[in-house]
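Right, one structure below, let's go through it.
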Amino acid sequence: MLFAALGLAVVTSALAAPVVGAMSSIGPTPEKAVTITLYASFAAPAGWGRGPNNITEPGPTLTVNQGDVVTFELFANDSTSHQLIIDVDNSHSNNSGDGWSYPFSSKTTAATFTYTANTAGTLTYFCNVHGYNVQHGTFVVNAAPAPPAPAGDNTLLIVGGVIVVVVVIGVAAAAMRMRKKKPGP
Ligand SMILES: [Cu+2]
């Protein structure tokens, strides 16, 4: 009976372990604050640039990770009005669900716009004032890694099952032995 009790204790702890593991599991990669400086221009050279002297069309490819909180610091290199669209649906037009800044027109004072990169994939960005064809670029949002599977879940269940079988056989064998030892009539 002592062995049976020990076996049950082991099985109980083995079955309880996955629950504890799930409660203490690590969540998705924590969001990270990212700052991206962008200069916009319609006057030649039109496009986007990381700085006032490297504006190109298409503009620079911007890469972040899913979940990042991206703060854009936006400048208008030609001092005319621009508006940044994060083209989440890759439609090359400003639709519901896309990210958007307020229009900005200062060459010297940054207009800030915060975008949380929830949608992974190869997206685009463009200027809503001058259009995709004149001012656009690629916005890559790397997918967050899948959360790790709870390790050892099945192993613990299998081990628990094996222990149950062993205990049952042990108890049965002990019972049979005791019955055989009984003196005959
Ligand atoms: Cu523009």
Unique match (being assigned to a loop (DSSP other than H, G, I, E, B) and more than 16 Å from residue 135 (Cβ to Cβ)) among 79, 96
96
Go through the stretch 108-138 and report how many residues are in contact with a strand residue (DSSP E or B) (Cβ under 7 Å, 6 or more places away or on another chain) and away from the ligand (no atom under 13 Å from the Cβ).
14
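Going by what's in this entry, would residue 156 be described as away from the ligand (no atom under 16 Å from the Cβ) and modelled with pLDDT of 95 or more?
no
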For the list (1) away from the ligand (no atom under 16 Å from the Cβ); (2) more than 22 Å from the chain's Cα centre (by Cα); (3) in contact (Cβ under 8 Å) with a residue 40 or more places away in the chain, I need the number of the one condition that residue 143 fails.
(2)
Can you pull out every residue in the stretch 72-87 that is away from the ligand (no atom under 14 Å from the Cβ) and surrounded by fewer than 21 Cβ atoms within 10 Å (Cβ to Cβ)?
73
One residue is enough: does the stretch 63-75 have a residue meeting the conditions more than 25 Å from the chain's Cα centre (by Cα), among the aromatic types (Phe, Trp, Tyr) and at pLDDT 95 or above?
yes
Taking the condition at pLDDT 95 or above, under 22 Å from the mean Cα position of the chain (by Cα) and not hydroxyl-bearing (Ser, Thr, Tyr), does residue 90 pass?
yes
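The values are calculated or read from the model by the stated rules, or taken from the named source; none is laboratory data. Bear in mind the structure is a predicted one, so any value in this text is a computation, not a measurement. Positions of Cβ are backbone-derived with ideal geometry, glycine not excepted, and every protein chain shown enters the neighbour counts.
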